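The values are calculated or read from the model by the stated rules, or taken from the named source; none is laboratory data. All figures in this text were calculated on a predicted structure; none of them were measured in a lab. Counting neighbours? That spans all protein chains shown, and the Cβs are built from the backbone with ideal geometry, glycine included. The accessibility values were calculated without ligands, DNA or RNA, using every heavy atom of the protein model including side chains. Shrake-Rupley method; radii C 1.70, N 1.55, O 1.52, S 1.80 Å.
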Amino acid sequence: MPVESSSSSGSRQAKQKRKSHSLSIRRTNSTEQDRSGLQRELLEGQDSKLPLSLRTNLLDLFSQIEREFENLYLENIELRREIESLNDRLAADGQAVEGADLAKGALKTKASHSTSQLSQKLKTTYKASTSKIVSSFKATTSRAVCQLVKEYVGHRDGIWDLSTTRAQPVVLGTASADHTAMLWSIETGKCLLKYLGHQGSVNSIKFHPSEQMALTASGDQTAHIWRYLVQLPTPQPIADTTTPCEDDVDSSDKDDGDGDAEGPNDCPSVRVPTTTLRSHQGVVIAADWLVGGKQVVTASWDRAANLYDVETSELVHSLTGHDQELTHCCTHPNQRLVVTSSRDTTFRLWDFRDPSIHSVNVFQGHTDTVTSAVFTVGDNVVSGSDDRTVKVWDLKNMRSPIATIRTDSAVNRISVSVNQKIIALPHDNRQVRLFDMSGVRLARLPRSNRQGHRRMVCCSAWCEDNTACNLFTCGFDRQAIGWNINIPALLQEK
């Protein structure tokens, strides 16, 4: 028989390809002609302000896009059929697959892919189980290290600020939006005294370094200094109020009550201050005693901080420079230094150590309102902000922070423990977290539907010398909470 030459067979294949290609072009052209005719009919029947040529071009473009999607859709259907076929073959317990080597290669690739998927599922399941075990262990450890000891309930509105006395007897003070300040027995949770001298929200409370005097700042544009005399009740055994640390449960709908505890209604009250400080033209948001207790500083929404003489109640200095409302002020425990925070994203350090020179330094490191800035015993300042960060600064090098803590919620009035320098961060999201000065997270205080804060946590305050409660927090759920933090165990876990 005659044998075709390779050249003749190649020319025949080329002719067939050209023929099939011309057929496909004819089909495509005929389809496009039908579509273009339909498009022209649609164009004539529609009322549009666009020129006909522009509308035709747009429809041509949309037609091309439609064809591309049609091709992708058909390819997807074909791929799904192949996947189903391969899955059926894989289910045949290792039976041989008939077909070309390409099909075998595809099958091997698919089998390898399925094996990797199974391996990934096993790893994911293992990691999830391990994560649950580790989380359970951490929760148990957290309960042992951080325990809720006492709740102080009696205010009729949210509590903005709290602090403990420095002089004996040691009591807890709270400042509330209900226009009152209260003093509490730390051990029993009973209200010992109520201050009723303000006509507006009481925004902060601080105690004299050595005498039984309190300093409160208020929305009535004044700050008051008033004396208190309290008698501690007989301490009673502290009930174990700790509960398992469960996952966070939204208990915002839980009944907060009216805050009508028997203690606050029965406790004595003070209505007249010893000294009233008037100079601000706006809300006085915070106030603090300078070292020695002979002068106080106040911070206001009028963008100024004022320094007063306690004995004469005269204005000594007006500290101006902030571009927006002040949010907080704090004094150094051992030196004549003041730090003021503002909504202008900065905080300022005022130096009164030299009577003839009052220098000021501006710290710029936050991107939102600086809610508070506090001193440590050493040469550090810790600032918290609505930008969800906390920064640690060195007074000797103020250009950049030495540590930055990033959180998931705005930070309110922070506090730093004196001895171990542990930072307590109260958050808008009802959480309270503990960090060290290098930014390492140490713990999160337990919070569930049965314990902890149910609203925004506004402030934290350390009292390391108290054996029952060494950390206090308050919030807009109208309560203050006393915690026992096992600091040695906390640092050991670190």
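For the pair Thr367 and Asp88, a Förster radius of 41 Å applied to the C-beta separation gives a FRET efficiency near 0.10, rounded to the nearest 0.05. In the stretch 144-209, a dipole from Cβ-located charges (positive for Lys and Arg, negative for Asp and Glu) runs towards its positive end, and of Tyr152, Gly189, Val170 it is Val170 whose Cα lies farthest in that direction. All distinct Cα pairs of the stretch 351-494 go into the 1/r average, and the inverse of that average, the Kirkwood radius, is 15.9 Å. Put a dot 7 Å past the Cα of Gln420, heading toward its Cβ, do the same for Gln324, and the two dots end up 3.6 nm apart.
Which order do the peptides 377-389, 424-436 take when ranked by the mean count of other beta-carbon atoms within 10 Å per residue, highest first?
424-436, 377-389
For the stretch 290-426, rounded, prolate or oblate, judged on the Cα gyration tensor with a ≥ b ≥ c (square roots of eigenvalues), a/c < 1.5 rounded, else prolate if a/b > b/c? Can you show the working numbers first?
Details: a/c = 1.77, a/b = 1.43, b/c = 1.24.
Taking the square roots of the gyration eigenvalues as a ≥ b ≥ c, the stretch 290-426 is prolate.
The residue among Ser400, Val382, Thr346 whose Cα reaches farthest toward the positive pole of the charge dipole of the stretch 341-448, with charges on the beta-carbon of Lys, Arg, Asp and Glu, is Val382. The fraction of accessible area contributed by carbon and sulfur in the stretch 164-213 is 44 percent, rounded to a whole number (1.4 Å probe; ligands and nucleic acids excluded).
What is the ratio of the Cα radius of gyration of the stretch 419-492 to 2.2 N^0.38 Å, where N is its residue count, to two decimals? Each step should come with its number before you reach the end.
Details: Rg = 11.9 Å, N = 74, 2.2 N^0.38 = 11.3 Å.
In units of the globular-protein estimate, the stretch 419-492 measures up at 1.05.
Between Asn397 and Arg227, the distance separating the two model label sites (each 7 Å from Cα on the Cα→Cβ line) works out to 4.9 nm.
Amide H to amide H distances under 5 Å link Thr327 with Ser341, Ser342, Arg343, where only residues 5 or more positions off or on other chains count and H is placed in the peptide plane.
With a Förster radius of 25 Å applied to the beta-carbon distance between Thr404 and Asp379, the computed FRET efficiency rounds to 0.90. Between Gln168 and Thr56, the simple spin-label model (points 7 angstrom out along Cα→Cβ) gives 10.2 nm.
Pairwise alpha-carbon distances in the stretch 381-427 exceed 11 Å for 66% of all pairs.
If I stretch the segment between Asp309 and Ala468 completely, what's the gain in nm (0.36 nm per residue apart, minus their alpha carbon distance), one decimal? All intermediate terms of the calculation are to be shown ahead of the outcome.
Working: separation 159, 0.36 × 159 = 57.24 nm, distance 3.59 nm.
Going from the current span to full extension adds 53.7 nm.
What the phi angles of the stretch 222-232 give under the Karplus curve with 6.51, -1.76 and 1.60, with θ = phi - 60°, is a coupling list of 10, 10, 10, 10, 9, 8, 9, 9, 10, 10, 6 Hz, glycine and proline written as x. Estimated translational diffusion coefficient (Stokes-Einstein, Kirkwood radius over Cα pairs, 10 °C, 1.306 mPa s) of the stretch 345-431: 118 µm² per second.
Shape class for the stretch 281-346, computed from the alpha carbon gyration tensor (a ≥ b ≥ c): oblate, with a/c not under 1.5 and a/b at or below b/c. Can you give me the relative contact order of the stretch 372-485 as a percent, contacts being Cα pairs under 8 Å and 6 or more apart? Dividing the mean separation by the residue count of the stretch 372-485 yields 17 percent.
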